[in-house]
Amino acid sequence: MAASGSSITSSPVKRTGGSSMKHGVLSSASRNRQDDEEEVIDTWIGPMPVAEFMEEYMACQNLEPIQDASEVFSSLWQNGRSSENVLVENFVNIINISDRFPGFKLVNTGRRHDKNSESKLKPDACVYTVDYDESGNRTDFRNLDMFLEFKPSDGQDLFNDLGASYVDFCTSDATKVDRRGQIIGYAAETSAKQHRTHVFSASITGKFARLFRWDRSGTAVTERFDYRERPALLLDFFRRYSRMSRTARGYDPTVRFATPAEEAIALTALAEEGYEDRIDPKYPTTVLEIYDQAENENKYFYVGRPEVEPSSLVGRATKAYIAVDAKTLAVVFVKDCWRVTSPGMEKEGDTLRKLNQAGVRHIPTLLCAGDVGGDDAQSTKSYCLIDQPWRIGDQKLTPHSHYRQAVDVVGKTVHEITSSRQLVRVIHDAFIAHSDAFVLCRILHRDVSAGNILIGRDGGGLLNDWDMSKDIDSRDARQHDRTGTWLYMSARLLKNPMKPHEIQDDMESFVHVLIYIALVYTPLHIIGEETVGDLIGDIFHEATKHQNGRYVGGKAKSDGFTYRVVPLQVVFHCQPVQRLVEELVFYCRDWLQYCDDAQNSTRAASALPDDKIPTRRNQRAPLKLDDIEFKDHKSMTNLLASIVALPDDRWPEEEKIEEKALGLKHKQQGLKTSTAKSSSKRGLESMGDSEVPKKSKRLKSTPLSSSHT
């Protein structure tokens with residue numbers, strides 16, 4: 001039963017979460033406005049004075065006062081209140097006439113969504129350059145400069161500037177939550193489809209307007225102002241925007257469109273490796289610059305369709321590409337993200353370089369990496385506003401810097417296994433990488449997931465994505481919350497968000513990846529009435545949200561180990577996998593029992609003098625660390641190696657590997673629970689937006705330990 005003040009939900013999918021599908025395509029069903037609002041709920045920064053907003057983000061020289069503006073918008077209200085569409089159309093006509101917005105045009109796009117996007121989103125109005133062909137008044141997220149959203153009534157404003165607290169400012173009124181989620185979706189989609197550092201927008205609600213600037217840390221939102229009484233303010237916004245450079249408007253200057261000759265070169269190189277479909281008419285081929293920090297020079301790569309594009313607005317916002325080195329024409333893997341710049345957060349490229357130099361096996365080889373822009377690195381600006389006196393609330397924001405790296409390996413996700421035998425080999429190899437990193441470099445990965453375990457060219461496994469890793473000997477403070485991907489996080493981390501991340505948490509995550517992929521893809525049968533989808537939902541997506549906004553879970557996972565749900569209720573047809581799962585469940589069960597014993601002993605010792613501690617009569621003796629297989633990597637390494645080494649006749653001759661219909665959106669992105677409001681990444685999973693875990697129908701069996709809690 002949920003604790004008082006909490007509610008049972010699906011896995012906490014923040015839109016980091018939400019919905020990075022295969023090739024990063026975002027489905028319309030996934031773009032849930034409430035989820036979008038929940039993800040950024042702590043990242044609104046306002047109400048910022050309009051004049052300060054203009055000076056901070058839109059500074060222009062030699063601006064003359066705007067003359068004769070008093071009647072500019074009066075025609076919007078000549079016949080009283082207008083419908084939304086009439087309001088949009090009239091406003092568009094006012095802005096487009098004369099020289100109020102030179103070089104740009106405002107287009108009524110509220111009736112036609114982007115034909116090249118599955119999001120189905122359509123802002124009321126979009127700004128395009130004058131040379132863009134917007135025939136049909138259609139939304140085009142790959143080419144819009146900024147967007148505007150309209151509502152005809154004054155009461156439909158999104159915020160409350162008079163609020164005494166942040167909760168009051170971001171009113172929880174369901175209608176306003178929905179409308180904020182709507183514009184968040186537009187900003188997220190624009191940021192995903194383009195190479196942007198930030199995006200501008202405006203909202204018009206009745207006679208009031210607000211201005212917005214969105215980046216990966218948060219959103220600066222101005223105070224609302226009456227543009228009928230102060231029309232020059234709104235006209236000045238459009239005038240300033242028209243005078244700003246592309247970089248000032250939010251376009252990344254380190255990216256340019258490829259020439260036809262460069263696109264042909266990229267296509268030829270990709271086709272030789274079987275990746276010709278990455279040159280896709282829906283995604284313009286571009287030339288991406290990576291500053292190589294180690295060699296202090298810029299290197300260039302051709303990229304087309306991304307493997308992943310972020311559905312999230314805030315956070316690391318990872319984009320990933322199968323790319324071509326413009327100099328060597330080698331096919332490589334490029335990662336573009338907004339790294340967390342909090343103290344103690346080492347750059348992923350620095351970590352990979354250290355691991356490569358130490359001889360860590362089964363990881364990618366770093367080719368180049370660095371902050372975008374080099375010494376003049378691109379970083380989020382909203383973070384700089386957190387101490388402003390006009391700000392309502394004191395929520396923490398996370399600073400981010402734009403970062404890119406290239407590695408030699410273009411791997412498939414573990415979802416693309418061809419056999420149970422390959423699954424075990426891939427897990428084995430990735431576990432070796434984890435062990436090497438820990439033993440040789442004292443580095444803990446901290447985000448073991450199906451999205452971060454890859455299949456290399458030789459069919460073996462690779463452990464990828466070291467951006468959340470930690471030097472365990474470092475005393476630097478890192479982010480103030482747990483890290484990982486919800487589906488694969490350990491039971492103890494899910495139960496206690498503030499628990500330090502330990503080696504055993506990562507080891508348990510490997511077990512969860514193995515069981516999850518085996519459940520979803522390999523042949524099996526289930527004893528009882530539950531389906532695979534039920535088990536996935538019950539075990540991997542269980543979550544409870546408390547009043548403080550934190551999600552907790554893990555009970556279903558710990559119960560699953562204690563009652564041995566998977567090996568008893570689920571029988572894998574591949575006997576080596578069945579044997580492996582049985583053993584690993586024992587490993588996890590014993591580790592959790594050991595932790596429970598240690599915790600109970602500590603509680604008893606703190607409560608009573610030594611001679612008053614009661615004896616544990618009729619109970620098993622407490623487990624000792626030396627008896628626990630999870631005390632280090634050795635036992636699990638040997639177990640995996642023994643399974644991998646089994647002869648051919650122990651493995652199925654023919655095996656049908658296919659994805660099962662689960663009844664939930666399990667291949668979407670899970671919550672990256674770091675404070676960095678993480679981004680979508682390759683192959684991450686998540687539960688659907690509205691699904692709630694079903695009541696478990698577990699087999700009734702006797703607990704293996706009476707001390708389990």
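From the list 366, 329, the lone residue that is aliphatic (A, V, I, L, M) and on the phi > 0 side of the Ramachandran plot is 329.
Just for the stretch 148-167: of the residues that are touching a Lys or Arg at 6+ places or on another chain (Cβ under 8 Å) and assigned to a helix (DSSP H, G or I), which one is surrounded by the most Cβ atoms within 10 Å (Cβ to Cβ)? Checked the stretch 148-167; the qualifying residue surrounded by the most Cβ atoms within 10 Å (Cβ to Cβ) is 156.
Within the span defined as the stretch 615-625, every residue fails to be at pLDDT below 55, under 29 Å from residue 542 (Cα atoms) and of a type in the set (Val, Ile, Thr). Might you check whether a residue that is in contact with a helix residue (DSSP H, G or I) (Cβ under 7 Å, 6 or more places away or on another chain) and either surrounded by fewer than 19 Cβ atoms within 10 Å (Cβ to Cβ) or in a loop (DSSP other than H, G, I, E, B) (or both) occurs anywhere in the stretch 335-352? Taking every residue of the stretch 335-352 in turn, none turns out to be in contact with a helix residue (DSSP H, G or I) (Cβ under 7 Å, 6 or more places away or on another chain) and either surrounded by fewer than 19 Cβ atoms within 10 Å (Cβ to Cβ) or in a loop (DSSP other than H, G, I, E, B) (or both). Of all residues in the stretch 435-453, those that are over 23 Å from residue 424 (Cβ atoms) have Cβ atoms under 9 Å from Cβ atoms of residues that are assigned to a strand (DSSP E or B), 6 or more apart or on another chain, in 441/471; 442/471; 443/470; 443/471; 444/470; 444/471; 446/470. Taking the conditions (1) exposed (fewer than 12 other Cβ atoms within 10 Å of the Cβ); (2) modelled with pLDDT of 90 or more in turn, residue 45 satisfies each one other than (1).
A single member of 118, 134 is touching a strand residue (DSSP E or B) at 6+ places or on another chain (Cβ under 6 Å), modelled with pLDDT under 90 and of a type outside the set (Gly, Ala, Ser), and it is 134. When restricted to residues that are touching a Phe, Trp or Tyr at 6+ places or on another chain (Cβ under 9 Å), assigned to a helix (DSSP H, G or I) and among the β-branched types (Val, Ile, Thr), the stretch 425-454 contains 1. Inside the stretch 123-133, residues that are in a loop (DSSP other than H, G, I, E, B) and surrounded by fewer than 19 Cβ atoms within 10 Å (Cβ to Cβ) make up a count of 4.
In the stretch 542-564, of all residues being open to solvent by 40 Å² or more (accessible area, probe 1.4 Å), out of contact with any strand residue (DSSP E or B) (no Cβ under 8 Å at 6 or more places or on another chain) and more than 19 Å from residue 485 (Cα to Cα), the one that is modelled with the lowest pLDDT corresponds to 548. Of the candidates 666, 633, the single residue that is at pLDDT 95 or above, surrounded by 13 or more Cβ atoms within 10 Å (Cβ to Cβ) and under 30 Å from residue 340 (Cβ atoms) is 633. Taking residues in the stretch 162-188 that are closer than 14 Å to residue 122 by Cα, and partners anywhere that are part of a helix (DSSP H, G or I) and of a type in the set (Asp, Glu), the pairs with Cβ atoms closer than 6 Å and at least 6 places apart or on different chains are 181/36; 181/37; 184/36; 185/36. Taken as a whole, the structure leaves residue 534 outside the set of residues that are acidic (Asp, Glu), at pLDDT 90 or above and closer than 18 Å to residue 632 by Cα. Just one of the listed residues (136, 110) is within 15 Å of residue 183 (Cβ to Cβ), of a type outside the set (A, V, I, L, M, F, W, C) and either open to solvent by less than 50 Å² (accessible area, probe 1.4 Å) or part of a strand (DSSP E or B) (or both), and it is 110.
From the residues in the stretch 363-419 that are in a helix (DSSP H, G or I) and open to solvent by 20 Å² or more (accessible area, probe 1.4 Å), which one is farthest from residue 216 (Cα to Cα)?
To start, the set of residues in the stretch 363-419 that are in a helix (DSSP H, G or I) comprises 374-376, 382-385, 414-416.
Then keep just the ones that are open to solvent by 20 Å² or more (accessible area, probe 1.4 Å); that gives 375-376, 383-384, 416.
Working: 375: 20, 376: 18, 383: 9, 384: 13, 416: 31 Å.
Applying the filter and picking the extreme gives 416.
Within the stretch 85-107, the set of residues being open to solvent by 60 Å² or more (accessible area, probe 1.4 Å) and either within 18 Å of residue 143 (Cβ to Cβ) or in contact with a strand residue (DSSP E or B) (Cβ under 7 Å, 6 or more places away or on another chain) (or both) comprises 89, 96.
Within the stretch 594-603, identify whether any single residue is under 22 Å from residue 438 (Cβ atoms), at pLDDT 90 or above and either more than 42 Å from the chain's Cα centre (by Cα) or in a helix (DSSP H, G or I) (or both), and answer yes or no. Before the answer, list the steps.
Initially, the stretch 594-603 is screened for residues under 22 Å from residue 438 (Cβ atoms), giving 594-595, 598.
This time we only want the ones that are at pLDDT 90 or above, so: 594-595.
Then drop every residue that is not either more than 42 Å from the chain's Cα centre (by Cα) or in a helix (DSSP H, G or I) (or both), which leaves 594-595.
Yes, that holds for at least one residue.
Within this structure, residue 172 fails the test of being polar (S, T, N, Q), under 25 Å from the mean Cα position of the chain (by Cα) and modelled with pLDDT of 95 or more.
Across the stretch 639-654, the number of residues qualifying as at pLDDT 95 or above, surrounded by fewer than 16 Cβ atoms within 10 Å (Cβ to Cβ) and part of a loop (DSSP other than H, G, I, E, B) comes to 3. Taking the stretch 470-487 as the range and being modelled with pLDDT of 80 or more, open to solvent by 10 Å² or more (accessible area, probe 1.4 Å) and under 24 Å from residue 450 (Cα atoms) as the test, the residues that pass are 470, 471, 472.
The values are calculated or read from the model by the stated rules, or taken from the named source; none is laboratory data. In this text, all values refer to a predicted model and were calculated from it rather than measured experimentally. Cβ sites come from the backbone with ideal geometry, for glycine too, and all protein chains shown count toward neighbours. Surface accessibility is based on the protein's heavy atoms, side chains included, excluding ligands, DNA and RNA. Shrake-Rupley method; radii C 1.70, N 1.55, O 1.52, S 1.80 Å.
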